[in-house]
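What follows is one structure encoded as structure tokens, with my remarks underneath.
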Amino acid sequence: MTASWIDDPAFTAASPFGPQTLPYGVVETPDGPSVAVRVGDHALPLRPIAAEFTPDLRELVTAASLDPLLAAGRPAWSVLRARLRELVTAPAAPAGAVLLPLAETTTRLPFTVGDYVDFYSSRDHAENVGRIFRPDAEPLLPNWTHLPVGYHGRAGTVVVSGTDVVRPHGQRRGAEGPEFGPSTRLDIEAEIGFVCGGPVAGRVSTSSAPDHVFGVAVVNDWSARDIQAWEYVPLGPFLGKSFATSISAWITPLEAFAAARVRVPDPGHPRLDYLVEDQNWGLDLHLEVVWNGTVVSRPDFAGMAYSCAQQLAHMTVNGATVRPGDLFASGTVSGPEKRQRGSFLELSWSGAEPITLDDGSTRTFLEDGDTVTITATAPGPDGSVVGLAEVTGTVVAAP
């Protein structure tokens, strides 16, 4: 293949953000926010090269957010991606092209978040949390292997990677009744998020999921475990979850994961018909969690009990609709080994087993000033690597 005009050592098939990936984001430019594509360690704004696209695509690439692209639907997504691959692998740059170094570029939340749903689809995570929160009961409730357990989160507190996370206030259990104050058990949840698009629809079948899932991103669903433990019975998560959810600034198209699709694990009994898949929509993703520069966990997504197609089918089976901009997340990704646990609640076993970081300090939960970064990769075509951009955030003290 002729060498690309993009002179960036990170723009190769062996690197996560080569021509096989091409995630979309929104960056600040002198002309305002612009839809862009990530190429290696650079952003390529699309507005300056709009003349390279057909008129229908031109309206999508000149927008200030991904909202019009999400609404355009699968045929437009495929055509645009194919055209972008032509442009970025060509020997000469298209007229007007500008590459912005990511280190010097401001990114924005790339789309307007509609509804936000968070699932609970890792069996290892669910069993660990069950043992911690309900030590005298079965760790899995009877419904768990039959449906993707989830809850409706708060879309207004979904923030782009790099946004500081303010330690939340709330009620927590005290020795003589509830106490109020800043959370003392602030945690993370390493998750994978799915950004929706296409036509508004209800009762989406598993086979129709690709028409409604635009792309994939890393998500950190920050969690206040002391607030959560006091409030979650009987209705589930509320203030312990709703204060902040971070998402990557770059959304990797679903099409990029064609080589990473795997079958979800066998639940040990038949699925109800609406959850049966005629294609494999589990994903072979490998996550990495870094706490103040120390790698503390490497969870694998392939063990998740439900796929994005099954989650979307369940989310809409009652007639609820999915719309462009809706976001749903997988739930914490954890594996059977300790170094595969995707939350600090599990890693520290609710504080009983402190975690030692590379600087010699120990942690059980997050302290003010701590930074957590989560990344993920997947196998791509022909031995390449597909990247999911980092999601990072730093904890700041409650005012």
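Tabulated results
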item: Residue count for segment 277-309, restricted to those that are over 17 Å from the mean Cα position of the chain (by Cα) and assigned to a helix (DSSP H, G or I); result: 0
item: Whichever residue in segment 224-240 is aliphatic (A, V, I, L, M) and modelled with pLDDT under 95 and, among such residues, is surrounded by the most Cβ atoms within 10 Å (Cβ to Cβ); result: ALA229
item: Unique match (being of a type in the set (Lys, Arg), open to solvent by 10 Å² or more (accessible area, probe 1.4 Å) and over 24 Å from the mean Cα position of the chain (by Cα)) among ARG363, ARG341; result: ARG363
item: Among the residues listed as ALA14, ALA95, ALA72, ALA36, the single one being open to solvent by 50 Å² or more (accessible area, probe 1.4 Å), in contact (Cβ under 8 Å) with a residue 40 or more places away in the chain and closer than 28 Å to PHE194 by Cβ; result: ALA14
item: From the options TYR306, TYR274, residue that is farther than 30 Å from ASP359 by Cβ and open to solvent by less than 60 Å² (accessible area, probe 1.4 Å); result: TYR306
item: Flag for GLU353 being under 25 Å from the mean Cα position of the chain (by Cα) and modelled with pLDDT of 95 or more; result: no
item: Within segment 156-196, strands (runs of 3 or more DSSP E) holding 2 or more residues that are surrounded by fewer than 17 Cβ atoms within 10 Å (Cβ to Cβ); result: 169-174, 177-182
item: Residue in segment 127-145 that is surrounded by 21 or more Cβ atoms within 10 Å (Cβ to Cβ) and under 25 Å from GLY335 (Cβ atoms) present; result: yes
item: Meets criteria (surrounded by 20 or more Cβ atoms within 10 Å (Cβ to Cβ) and touching a residue at least 40 places away in the same chain (Cβ under 8 Å)) for ARG123; result: yes
item: Subset tally (residues that are touching a helix residue (DSSP H, G or I) at 6+ places or on another chain (Cβ under 8 Å) and part of a strand (DSSP E or B)) for segment 211-257; result: 7
item: Set ALA249, ALA320: member being farther than 20 Å from ALA217 by Cα and of a type in the set (A, V, I, L, M, F, W, C); result: ALA320
item: Failed item, numbered, when ALA209 is tested on (1) buried (at least 17 other Cβ atoms within 10 Å of the Cβ); (2) over 21 Å from the mean Cα position of the chain (by Cα); result: (2)
item: Exclusive hit being open to solvent by less than 10 Å² (accessible area, probe 1.4 Å) and at positive phi, set GLY319, GLY331; result: GLY331
item: Members of segment 288-303 found to be open to solvent by 40 Å² or more (accessible area, probe 1.4 Å) and of a type in the set (Gly, Ala, Ser), listed by number; result: GLY293, GLY303
item: Among (1) open to solvent by less than 60 Å² (accessible area, probe 1.4 Å); (2) among the charged types (D, E, K, R); (3) assigned to a helix (DSSP H, G or I) - the single one ASP118 does not satisfy; result: (3)
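The values are calculated or read from the model by the stated rules, or taken from the named source; none is laboratory data. Remember, predicted model here, so these are calculated numbers, not experimental data. In this analysis, Cβ positions are derived from the backbone assuming ideal geometry, glycine residues included, and neighbour counts consider all displayed protein chains. Surface areas here come from the heavy atoms of the whole protein model, side chains and all, with no ligands, DNA or RNA. Shrake-Rupley method; radii C 1.70, N 1.55, O 1.52, S 1.80 Å.
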